[in-house]
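The values are calculated or read from the model by the stated rules, or taken from the named source; none is laboratory data. Since we're looking at a predicted model, the values are computed, not measured. Every residue, glycine among them, receives a Cβ derived from its backbone with ideal geometry; neighbour counts consider all protein chains shown. Areas reflect the complete protein model, heavy atoms only, side chains present, ligands, DNA and RNA absent. Shrake-Rupley method; radii C 1.70, N 1.55, O 1.52, S 1.80 Å.
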Amino acid sequence: MNTHYPIKQVMDKEGRIVDSSYESLINEQLVKDLYYHMYRIRTFDRKAISLQRQGRLGTYAPFEGQEAAQVGSAMALQPADWMFPTYRDHGAKLTFGADMAGTFLYWNGRVEGCVPPEGRNIFPPAVPIATQLPHAAGAAWAERRKGTKNASIAYFGDGATSEGDFHEGMNFASVFKAPVVFFNQNNRYAISVPIEKQMNSETIAQKAVAYGMPGVRIDGNDCLIVYFEVMKALEEARKGQGPTLIEAVTWRTGAHTTADDPTKYRPADQGKDIVDPLLRMERFMKNNGYWDEAWVQETAERITAEIEKAVEDMESYPTPNVEDLFDYVFAEMPAQLAEQKQSYLTHLRGNQ
Amino acid sequence: MARIISMADAINEAMKLAMRKDENVILMGEDVAGGAEVDHLQDEDAWGGVLGVTKGLVQEFGRDRILDTPIAEAGYMGAAMAAASTGLRPIAELMFNDFIGSCLDEVLNQGAKFRYMFGGKAQVPVTVRTMHGAGFRAAAQHSQSLYALFTSVPGLKVVVPSTPYDAKGLLLAAIEDNDPVIFFEDKTLYNVTGEVPEEYYTIPLGKADIKREGSDVTIIGIGKQVNTALEAAEKLASQGIEAEVVDPRSLSPLDENTLLASVEKTNRLVIVDEANPRCNVATDIAALVADKGFDFLDAPIKRVTAPHTPVPFSPPLEDIYLPTPEKVIEAVNEMIGETPSVGAYA
């Protein structure tokens, strides 16, 4: 099956173009935009881990190593498309337009962190596994029924392909030709369980055959191939050709979350052969004359300032209102819940 | 010989003892071996689950008996139910009780009904171990306490221990039991320590335990809310009110007699349950006492629960969401204030 689903690349590990058919699509602006977002979300990710270690942020799920997959896929979307991320896809969310201070607030347990900016369709990150696949299928099907050209993208990991929801979401989308891209980031581990122990299939892409949809296997650390293949799948979807399964082969550099230690379940030398996606993009830019030291410097400073500001905004955010606990449970608050709210407020005032 | 160990270690020890005693006991679930699947770690100390509760099991019992399953709750839960009906005695670990949504049919429609639908010919000696409880900053989909859902299903037994000693004895009883038992472990209690004997012992399912004797009010707590009740009782004692704290330990079957006898003695009842208030165990026990113990009561029954909202992710909101000793004391004071006494009319 590996031979049926070879890993597609635009660039090799040294950043050299290996498939010239994409060459005409590459331009300086695109390359700089992709690099900018990868650098931005990596800096965010590292900042989030450091805030968690200092007790300034809750448990956090890092995505370092998966920046090319997240940025390339999110950049291929149109503004009115639907995004269904998981807890590890905050990089994709930020690239698509989620608010950065809001993203920090999410990890501090604030409901404000789940609210997408006006005009962006981003579902709250799915924390249970694979539940977002049927959602993506349903939203895409609804857009088709409404007669729009909007599509949806579902983010999920290798572990999610074991769930029943994976099968049901894929089948539904295929049967109803829903315009959805099933974007799999195969980072090779479901918490501590390596992919060989999760499935007997050699690839995830081959699972598409069973649903009668195209399956594509790509180098998830090559931001350009991710961007072009997701774009192509979205275009097919918009034309009414139905869903595509894309397997982006990547690597989770760090832990599952800040609550575990990957050295306890991964061989020390595993992943050593992987070239960091940002370094690959840097090599590609240098090889092709897109690397501009002054621009890189200026970009880094701008992003650092943006992140510092977002942290400041998160930390100066007013403490949550007790009302938040009650106000979003129903459209109209039932009398019993209103009573409970009142009694909480009274109880808390009594304690002050 | 008893030693002081944590609840997590007591649960771990119970599984080891059960597996040493009976070859048919196996464990399956997500990350239960935890790293032992990695070749270079095979003989080393793998982490054993997201909170380390199953640590050391795969080293002792091997991969044939400790299965790291794919992330497929319906798959392994269904497999466990049917494996149990062939004679194995599986422990199926559902990492968080909130994930029951992904495999509810296998538990409530399948495992719970096999014995009944086979006219008694089949049995399902499975133990589903699962984490529950708020206070861990784990948000709305990883913090619920769903024991009432299972308590309402005929064919299932439900256990919610509050101490390391009870956890070990109840888990061994659950594994020995010939019906499916849902065993709830509060994730915030794993590090709580207590005296636990080294040897194999069981605590019968359906037997409540009086954690503190008292004469003025009965406080029934579920799971870690037993500790909330005990803290409240200590503070009430300084006010001159002696509370009796009762831990049902098993919700199905429920030890009605012990609960009713305590209310008969104290004439007042507060139930502390961190689940949402509608159709929860506090409500069920309140109905039981209203039905069978109405004449014992000197005041209306009070329930201290979470509000009818999801568990908030925000730490300050989660802290106020849960029952606290202060809320229990408020409830007790309210009912004692309401109780007519001779002096009140003087």
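Table: residues versus (1) in contact with a His (Cβ under 9 Å, 6 or more places away or on another chain); (2) closer than 26 Å to residue A:279 by Cα; (3) not charged (D, E, K, R); (4) not assigned by TED's automatic domain parsing to the domain that holds residue A:306.
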site: A:45; (1), (2), (3), (4): yes, yes, no, no
site: A:69; (1), (2), (3), (4): no, yes, yes, no
site: A:93; (1), (2), (3), (4): no, yes, no, no
site: A:105; (1), (2), (3), (4): no, no, yes, no
site: A:118; (1), (2), (3), (4): no, no, no, no
site: A:122; (1), (2), (3), (4): no, no, yes, no
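Those strands (runs of 3 or more DSSP E) of segment B:1-112 in which at least 1 residues are surrounded by fewer than 23 Cβ atoms within 10 Å (Cβ to Cβ) and away from chain A (no Cβ under 11 Å), considering only elements entirely within it, cover B:2-6, B:25-29, B:89-96.
Read through the list (1) away from chain B (no Cβ under 14 Å); (2) under 20 Å from residue B:71 (Cβ atoms), then give the number of the only condition that residue A:198 fails. Residue A:198 satisfies every listed condition except (1). Residues in segment A:113-130 that are within 14 Å of chain B (Cβ to nearest Cβ), surrounded by fewer than 22 Cβ atoms within 10 Å (Cβ to Cβ) and either in a helix (DSSP H, G or I) or among the polar types (S, T, N, Q) (or both): A:114 only. When we screen B:275, B:299, B:282 for residues that are in a loop (DSSP other than H, G, I, E, B) and closer than 26 Å to residue B:129 by Cβ, the only hit is B:275. So residue B:326 fits all but one of (1) in a helix (DSSP H, G or I); (2) in contact with a Lys or Arg (Cβ under 7 Å, 6 or more places away or on another chain); (3) within 14 Å of chain A (Cβ to nearest Cβ); (4) not polar (S, T, N, Q); what number is the exception? The single condition residue B:326 does not satisfy is (2).
Only residues that are within 24 Å of residue B:24 (Cα to Cα), open to solvent by less than 10 Å² (accessible area, probe 1.4 Å) and of a type in the set (Lys, Arg) were counted in segment B:148-189, giving 1.
Can you tell me how many residues in segment A:258-280 are in a helix (DSSP H, G or I) and buried (at least 17 other Cβ atoms within 10 Å of the Cβ)?
Narrowing segment A:258-280 to residues in a helix (DSSP H, G or I): A:262-264, A:277-280.
Still in the list and also buried (at least 17 other Cβ atoms within 10 Å of the Cβ): A:262, A:264, A:277-278, A:280.
Counting residues in segment A:258-280 that are in a helix (DSSP H, G or I) and buried (at least 17 other Cβ atoms within 10 Å of the Cβ) gives 5.
Scanning segment A:58-73 for residues that are among the aromatic types (Phe, Trp, Tyr) and more than 14 Å from chain B (Cβ to nearest Cβ) turns up just one, A:63.
For residue B:263, are the conditions met, namely being within 14 Å of chain A (Cβ to nearest Cβ), among the hydrophobic types (A, V, I, L, M, F, W, C), open to solvent by less than 20 Å² (accessible area, probe 1.4 Å) and under 24 Å from the mean Cα position of the chain (by Cα)? Answer is no for this residue.
When the residues of segment A:293-315 are filtered to those that are of a type in the set (Asp, Glu) and in contact (Cβ under 8 Å) with a residue 24 or more places away in the chain, the one that is most open to solvent (accessible area, probe 1.4 Å) is A:315.
The single condition from (1) within 28 Å of the chain's Cα centre (by Cα); (2) within 14 Å of chain B (Cβ to nearest Cβ); (3) not β-branched (Val, Ile, Thr) that residue A:313 fails is (2).
A residue that is over 20 Å from residue A:337 (Cβ atoms), more than 14 Å from every other protein chain (Cβ to nearest Cβ) and open to solvent by 20 Å² or more (accessible area, probe 1.4 Å) occurs somewhere in segment B:299-315.
Quick test for you: out of B:203, B:219, pick the one residue that is part of a loop (DSSP other than H, G, I, E, B) and open to solvent by less than 50 Å² (accessible area, probe 1.4 Å). Can you show your working first?
Numbers: B:219 fails: part of a loop (DSSP other than H, G, I, E, B).
Of B:203, B:219, the one residue that is part of a loop (DSSP other than H, G, I, E, B) and open to solvent by less than 50 Å² (accessible area, probe 1.4 Å) is B:203.
In the set A:255, A:237, only one residue is over 25 Å from residue A:87 (Cα atoms), surrounded by 13 or more Cβ atoms within 10 Å (Cβ to Cβ) and among the aliphatic types (A, V, I, L, M); that residue is A:237.
Is there a residue in segment B:277-292 that is under 30 Å from residue A:55 (Cα atoms), in contact (Cβ under 8 Å) with a residue 12 or more places away in the chain and within 14 Å of another protein chain (Cβ to nearest Cβ)?
We begin by selecting, within segment B:277-292, every residue under 30 Å from residue A:55 (Cα atoms); these are none.
Scanning segment B:277-292, I find no residue that is under 30 Å from residue A:55 (Cα atoms), in contact (Cβ under 8 Å) with a residue 12 or more places away in the chain and within 14 Å of another protein chain (Cβ to nearest Cβ), so the answer is no.
Hey, can you tell me all the residues within segment A:151-188 that are among the hydroxyl-bearing types (Ser, Thr, Tyr) and either free of Cβ contacts under 8 Å to residues at least 40 places away in the same chain or surrounded by fewer than 24 Cβ atoms within 10 Å (Cβ to Cβ) (or both)? The answer is A:162, A:174.
Conditions tested, residue by residue: (1) among the polar types (S, T, N, Q); (2) within 14 Å of another protein chain (Cβ to nearest Cβ); (3) under 18 Å from the mean Cα position of the chain (by Cα).
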{"position": "A:146", "(1), (2), (3)": "no, no, no"}
{"position": "A:166", "(1), (2), (3)": "no, yes, yes"}
{"position": "A:202", "(1), (2), (3)": "no, no, no"}
{"position": "A:217", "(1), (2), (3)": "no, no, yes"}
{"position": "A:224", "(1), (2), (3)": "no, no, yes"}
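Among the residues of segment A:316-327, those that are more than 14 Å from residue B:321 (Cα to Cα) and loosely packed, with under 13 Cβ neighbours inside 10 Å comprise A:316, A:318, A:319.
If we scan segment B:65-80, do we find a residue that is of a type outside the set (Lys, Arg), without any contact (Cβ under 8 Å) to a residue 12 or more places away in the chain and on the phi > 0 side of the Ramachandran plot? No; the residues of segment B:65-80 include none that is of a type outside the set (Lys, Arg), without any contact (Cβ under 8 Å) to a residue 12 or more places away in the chain and on the phi > 0 side of the Ramachandran plot.
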